[in-house]
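This report refers to the structure that appears directly beneath it.
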């Protein structure tokens, strides 16, 4: 960057150019995603715009259980939250971490006792979570997905199903055209509608009517922009891919940023999940224990979106919110080093 130009009018021009070199500090970072159902920890070595995740784990904290629709995080959920973060903190302290970035999403941002929880975490764990808005959450998801997948010039609908909220982003390539967060996530719908197991046709109809009303802005946006492909991110879609891979006995690469799925296989999995009870679902190869309850309403949701939008192609990103936070954090760590100068002379 040219910071100053000194001109000496004595028969020649003497231009002094200050140059700032841009670099990224080598740093060990911790990213904590405090989701409504699951807490995630990433420990990362970042240097020169590259990163290596050297530790990752997740804990099914379920802070939204038995309280999310009343806008409260109950006492038992608070204890699970603090316990999980203490466990993460031990990993962080042992790994020579320079910076910790903890974000809290739907359950915390809508909780009446949000400040009580945040203060307790600060006092007992020594971490101060940042509560992000629904639009911030959607923006992070979009950033992560666009880094994971080569979207090309297509118009796509990105969908991330959380326990508290659902984020939708319509994007043309990497350019977002429309995004919105809806506070109607899986845990909310489970507690509102899913009282029988297997779920009944009456309950399915009630969920679809609820979605028809609450997702009206999404359907208007889809009519306007005409997305061609659904891109799923986060837990439910990860599990659907895992089930698909087990069924097909074909597995994606270990560190792939796009997970295997076919549209027809996903539809078949939906029918199977909706028809089974919890014990039967747990026996499905690839099923994850802590997703076994929410995956039914999530499947109904995805099917409904596909039916309403007419999308017939599906992709799954292995990057979601936490990777979006990580990648934007790394980008923000670009620092200006001590200026160096050069003297350029012109006759």
On C-alpha positions alone, give me the angle between the axis of helix 201-214 and the longest principal axis of the chain, in degrees, nearest 10. 30 degrees
Can you compute the FRET efficiency between residue 54 and residue 87 using 1/(1 + (r/R0)^6), with r the Cβ-Cβ distance and R0 = 22 Å? Round to the nearest 0.05. 0.80
Computed over the range 151-319: relative contact order in percent, which uses C-alpha pairs under 8 Å that are six or more apart: 28 percent
Which of 188, 109, 130 has the fewest other C-beta atoms within 10 Å, and how do the rest follow up to the most? 130, 109, 188
Structure-based [θ]222 nm, the chain - -39500 (n - 2.57) summed over DSSP H runs of at least 4, per residue, nearest 500: -13000 deg cm²/dmol
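Under the 0.36 nm per residue contour assumption, what length would be gained going from the current alpha-carbon distance of residue 75 and residue 124 to full extension?
On the way: separation 49, 0.36 × 49 = 17.64 nm, distance 1.54 nm.
So the extension gain works out to 16.1 nm.
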Which FRET efficiency value, to the nearest 0.05, do you get for residue 279 and residue 27 by plugging their Cβ-Cβ distance into 1/(1 + (r/R0)^6) with R0 = 51 Å? 0.65
If you take the square roots of the eigenvalues of the alpha-carbon gyration tensor of the range 202-317 and sort them as a ≥ b ≥ c, do you get rounded (a/c under 1.5), prolate (a/b over b/c) or oblate? oblate
Can you compute the FRET efficiency between residue 116 and residue 200 using 1/(1 + (r/R0)^6), with r the Cβ-Cβ distance and R0 = 56 Å? Round to the nearest 0.05. 0.90
Which whole-number percent is the relative contact order of the chain (Cα, under 8 Å, 6+ apart)? 22 percent
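Readers should treat all values here as calculations from the given coordinates under stated rules, not as data from a laboratory. As the structure is a prediction and not an experimental result, all values here were calculated from the model. Quick reminder, even Gly has a Cβ in these numbers, built from the backbone with ideal geometry, and neighbours come from all protein chains shown.
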